[in-house]
Each structure stands twice: as C-alpha cells, then as structure tokens.
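Colleague: Mind having a look at this structure? Questions to follow.
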Amino acid sequence: MIKILGFILTLGGGISLVLGVLGVFGSMSTGLSPWALIILGVVFFFAGIGLLKYRKDTDTIESEK
C-alpha cells in the first residue's frame with residue numbers, strides 16, 4: 001500500500017512540475033499560478049520518491065503469538 005501511494009505521489013508531482021515549468025516559460029496556461037504548481041510538484045515528487053526508497057511494502061499482518 002505504501003508503494004502505491006508513493007508511486008501516485010511521484011507521478012502527480014512529476015505532472016505538476018511539468019505543467020508548472022511550461023506555465024513559467026509561457027507555452028501553457030493552466031489557470032493556476034505556475035509557481036504554485038512547481039512548489040507543489042517538488043514537494044509531492046520528493047515525498048513520493050522518499051516513500052518508494054525508504055519504506056517496505058508488506059501486505060501481511062503480523063500477529064502476536
């Protein structure tokens with residue numbers, strides 16, 4: 001579950017970064033501030049990479065015996 005969330009955050013952050021950079025350089029208008037998209041993209045991208053890199057994904061529940 002953690003890896004799925006990390007993948008979604010990474011993908012969303014990358015898309016936001018691309019849209020923000022295209023907005024800053026004037027080739028695309030999204031209706032939002034391009035700088036806000038860049039900042040959110042960086043935050044989500046690095047959060048997703050951190051989850052993918054440092055978390056173990058286990059779907060098993062360990063019971064105490």
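Colleague: Hey, can you tell me all the residues within segment 13-46 that are part of a helix (DSSP H, G or I) and surrounded by fewer than 16 Cβ atoms within 10 Å (Cβ to Cβ)? Don't jump to the end; show me each part of the working.
Modeller: To start, the set of residues in segment 13-46 that are part of a helix (DSSP H, G or I) comprises 13-24, 34-46.
Hits for segment 13-46 are G14, I15, V18, V21, L22, V24, W35, A36, I39, V42, V43, F46.
Colleague: Hey, another quick one. List pairs: first in segment 41-65 and closer than 11 Å to K3 by Cβ and of a type in the set (D, E), second modelled with pLDDT of 65 or more and not in a loop (DSSP other than H, G, I, E, B), Cβ under 9 Å, 6+ apart or cross-chain?
Modeller: Note: pairs meeting the criteria are D57/I2; D57/K3; D57/I4; D57/G6.
Colleague: Here is a further query. List the residue pairs whose Cβ atoms are under 9 Å apart, where the first residue sits in segment 13-39 and is over 27 Å from L52 (Cα atoms), the second is in a loop (DSSP other than H, G, I, E, B), and the two are 6 or more positions apart or on different chains.
Modeller: Close Cβ pairs (under 9 Å, with a partner that is in a loop (DSSP other than H, G, I, E, B)) amount to G23/S29; G23/T30; G23/L32; G23/S33.
The values are calculated or read from the model by the stated rules, or taken from the named source; none is laboratory data. Quantities reported herein were computed from a predicted structural model and do not represent experimental measurements. All Cβ positions, glycine included, derive from the backbone under ideal geometry; neighbour counts span all protein chains shown.
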